[in-house]
Amino acid sequence: MTRIKGFCAILLGAAMMMPVCAGAAEPQALVVTTQYGDVRGAAEDGVISWKGIPFAAPPVDALRWQPPRPPQRWSGVRETTAYRNDCMQEPFPSDAAPLGTKPAEDCLYLNIWKPAGATAKLPVMLWIYGGGFVNGGSSPPTYSGAPIARQGVMVVSFNYRLGRFGTFRHPALGEDQAVNYGLLDQIAALQWVQHNIANFGGDPQAVTIVGESAGGRSVHALMTTPLARDLFDRAVIMSGGDGKPGALSTPADAERLAVLFGQSQGIAPDAPDAAARLRALSARTVVGDLNLAKMDDFFSPVTDGRSGVDVIAAHESGRAPAMPVMIGATSADIGGPDGRMVAGARDLARLFAGRGMPTYAYRFSYVAESVGGKDAYHATDIPFFFDTQAIKYGAATTPRDNRMGETMSAYLVNFVKRGDPNGEGLPQWPRYRADGGKQMDFATNGDAVAD
């Protein structure tokens, strides 16, 4: 596939990729050169990782509510062995994947895992976290890419702006302002991968994006926006909804909500200093109490016709590129069997298959033995996809839990490697058909069964 790099100049500048330069004195090539400077990672248990690499400038002060800009170059070797801040948010008390860092506005960093000793170019899996576009981050332990990397792929995760930092449109910011800043962050991370991942041993021609919930909706957006064309090759959509716009998804909706927010802070929309006063607000003030428990006046991404487009129309018209897709939801997902998660995934699987896209549909019905019951709720599949169930459930993890993690992660790794989840030792996962194909059920008894 020929990559189109034109949008890098729009969002990230036109800096050229520098050649690979691993420090000879460093074990297992821990030092790698990026566009902006050298980084040093760490090796542990057969995996090399780099954490906290800046892929864009800190979006603070004058860069608040601006598209992502290139980070400043640095001299010397930057230590990248620990997560940097997740993006600013009001943490959600019952979050199934609590953050491992303190949220901050300076948050545009990414993380990389690869198997130690790998010599061939590795296919790349890029993870996009969920959280309703108001919560979430790359630091939760269950999102560790190490178990997946041990199976022979490279894993990348990153942060993107959330809440009013990530989706905002105010008349004081100008006529030609963006609105989906968090989505532009995602595109910037994908562009960084295209320009830099080969230096780490990854293959920029074999990139799979994987997202759950808001991350799954992000995958829908990235598959259809022209700004992300040719930046990835395959897609995995976990509980990503039905692809349809929400109730507050127009630019006019976003502007009305932003004006109301500014007025709540005493900032009139037509005040000559409104933009400066908005950017002078503390990060804490901008967040307010917006989180998954209270988001009636928020929706993302906005369908602005540029970064965010009509997902269904883009596929039905053929404007969206065709690619292999894995798509599904949990058995007791949000809205139940006829809701936007379960039924939405089924309807989209039919749409994708009807376009001739290699489509693999699933239902996740398994419940960890320590949890019990027969209802697999929203997001409970993530640890098993990542094979981090032992991190999630600790001492309560059972052999059956671990077998499910081994099975699900193996399917995912196979899909990342070649666009087909099937492989040796796994039950056959049939390709979905538009006229009513079979999906793979990860059943309550721990088996994977096509039904």
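A few notes on this one:
- At least 27 Å along the helix axis (C-alpha) and Kyte average at least 0.0, DSSP helices within the chain: none
- Taking every alpha-carbon pair in the stretch 321-377 and binning the separations at 10 Å intervals from zero gives 26, 41, 25, 8, 1 percent.
- Calculated from backbone phi, Karplus (6.51, -1.76, 1.60) coupling profile of the stretch 106-121 in Hz, x at Gly/Pro: 7, 8, 8, 10, 10, 9, 9, 10, 9, x, 5, x, 5, 10, 7, 4
- Rounded to the nearest 0.05, the FRET efficiency derived from the C-beta distance between Arg40 and Ala120 at R0 = 22 Å is 0.45.
- Dividing the mean sequence gap of close Cα pairs (under 8 Å, 6+ apart) by how many residues the chain holds gives a relative contact order of 14 percent.
- Among the listed pairs Lys392/Lys438; Lys102/Lys294; Lys51/Lys244; Lys392/Lys417; Lys102/Lys392, those beyond 23 Å (Cα-Cα): Lys392/Lys438; Lys51/Lys244; Lys392/Lys417
- Descending semi-axes in whole angstrom, ellipsoid equivalent of the stretch 295-342, from the Cα gyration tensor: 23, 19, 9
- Length released on extending from Asp338 to Ala322, taking residue separation times 0.36 nm less the Cα-Cα span: 3.1 nm
- Area of Asp106 that stays accessible when all protein chains are in place (1.4 Å probe, Å², to 10): 50
- Taking amide H as placed 1.01 Å from N in the peptide plane, the amide H of Ser213 sits under 5 Å from that of Met238, Ser239, Gly240, each at least 5 places away or on another chain.
- Kirkwood Rh (inverse of mean 1/r, distinct Cα pairs), the stretch 267-413, angstrom: 19.0
- Label separation (Arg400 vs Glu369): 0.7 nm, computed from points 7 Å beyond Cα along the C-beta direction.
- Just so you know, the Rg over Rh for the stretch 113-196 is 1.10, from Cα atoms, with Rh as the Kirkwood radius.
- The longest stretch of the chain left intact once loop-based trypsin sites (Lys or Arg not before Pro) with at most 11 other Cβ atoms within 10 Å are removed from consideration, loops following DSSP, is 74-373.
- Between the alpha-carbon centres of the stretch 54-103 and the stretch 434-448 there is a gap of 38 Å.
- Linear extension gain, Val60 paired with Ala293, 0.36 nm per residue minus alpha-carbon span: 81.3 nm
- Virtual paramagnetic centre 7 Å along Cα→Cβ of Tyr377, amide N under 14 Å, in the stretch 339-370: 367-368
- What the phi angles of the stretch 430-447 give under the Karplus curve with 6.51, -1.76 and 1.60, with θ = phi - 60°, is a coupling list of x, 5, 6, 10, 5, 8, x, x, 7, 10, 8, 9, 8, 7, 5, 8, x, 8 Hz, glycine and proline written as x.
- Here the chain is assigned +1 on the Cβ of each Lys and Arg and -1 on the Cβ of each Asp and Glu. Its dipole about the Cα centre then comes out at about 760 debye.
- Shape annotation for the stretch 148-280: C-alpha extents along the principal axes are 55, 33, 25 Å, from largest to smallest.
- The stretch 21-170, relative contact order [Cα under 8 Å, separation at least 6], %: 24
- Dividing the radius of gyration of the alpha carbons in the stretch 350-451 by their Kirkwood radius gives 0.99 for Rg/Rh.
- Cut-off 14 Å between beta-carbons: net charge of the residues surrounding Gly246, Lys and Arg +1, Asp and Glu -1: -3
- Surrounding net charge for Tyr36, when Lys and Arg each add one and Asp and Glu each subtract one, Cβ distance under 11 Å: +1
- Counting Lys and Arg as +1 and Asp and Glu as -1 over every other residue whose Cβ lies under 14 Å from the Cβ of Gly318, the net charge comes to +1.
- Calculated log₁₀ intensity ratio I(q)/I(0) where the Debye formula runs over C-alpha points of the chain, q = 0.06, 0.10 Å⁻¹: -0.24, -0.68
- The mean sequence distance of close C-alpha pairs (under 8 Å, at least 6 residues apart), as a share of the length of the stretch 264-403, puts its relative contact order at 17 percent.
- For the stretch 83-156, the spread of Cα positions along each principal axis, largest first, Å: 42, 24, 17
- log₁₀ of I(q)/I(0) at q = 0.14, 0.15, 0.32 Å⁻¹ - the stretch 26-78, Debye sum with one point per alpha carbon: -0.47, -0.52, -1.24
- Our note on the geometry: Cα centres of the stretch 255-319 and the stretch 122-172, 20 Å apart.
- Coordinate range along principal axes, alpha carbons of the stretch 242-310, Å, largest first: 39, 28, 16
- Distance in nm between pseudo-label sites at Ala252 and Gln265 (7 Å out along the Cβ direction from Cα): 2.6
The values are calculated or read from the model by the stated rules, or taken from the named source; none is laboratory data. Because the structure is a prediction, the values reported are computed rather than measured. Neighbour counts run over all protein chains shown; Cβ positions are idealised from the backbone, glycine included. Accessible surface is based on the protein model in full, side chains and every heavy atom, while ligands, DNA and RNA are left aside. Shrake-Rupley method; radii C 1.70, N 1.55, O 1.52, S 1.80 Å.
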